[in-house]
Amino acid sequence: MTASHLLVPVPIPDRIAALIGACTPAHILQAEFDADCAAREVRRFRGPRLGIEDQADREFALSELARANKVLAAHHPRLVVRPGSVW
């Protein structure tokens, strides 16, 4: 029996990633890409004193993340991307 916190992440070779991607519908791959980009944008706008434009950009990134996560969650609930997650 293994504990999940003891597992070491291993990089996936490009050919294996391509095979996995070939089995996944295109709209799910696009949603995963969009969610990842939006999560990076959300992390970029941190801080207690954001300007009005930065707040608007953060809200837009959050809405993009929510839109992409809705598609991902409909396909599989564990695919959801969070702003603070490692994946």
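The table that follows gives values for the structure above.
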quantity: Residue-averaged 222 nm ellipticity for the chain, from DSSP H runs of 4+ at -39500 (n - 2.57), nearest 500; calculated: -20500 deg cm²/dmol
quantity: Inter-site label distance for residue 14 and residue 40 at 7 Å from Cα along Cβ, in nm; calculated: 1.8 nm
quantity: Axial C-alpha extent at least 20 Å, average Kyte-Doolittle at least -1.0 - helices from the chain (DSSP); calculated: 26-44, 52-75
quantity: Simple label model, 7 Å out from Cα along Cβ direction - residue 6 to residue 49, nm; calculated: 4.8 nm
quantity: Carbon/sulfur fraction of accessible area - the stretch 10-87, other protein chains in place, 1.4 Å, %; calculated: 59 percent
quantity: Förster radius 22 Å - calculated FRET efficiency between residue 60 and residue 27, Cβ distance, rounded to 0.05; calculated: 0.55
quantity: Residue-normalised accessible area of the stretch 10-71, given per residue in Å² at a 1.4 Å probe; calculated: 77 Å²
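The values are calculated or read from the model by the stated rules, or taken from the named source; none is laboratory data. What you see is a predicted model, and the numbers here were worked out from it, not measured in a lab. Here the Cβ is made from the backbone with ideal geometry for all residues, glycine too, and neighbour counts use every protein chain on show. To get the accessible areas, we keep the full protein, side chains included, count just its heavy atoms, and leave off ligands, DNA and RNA. Shrake-Rupley method; radii C 1.70, N 1.55, O 1.52, S 1.80 Å.
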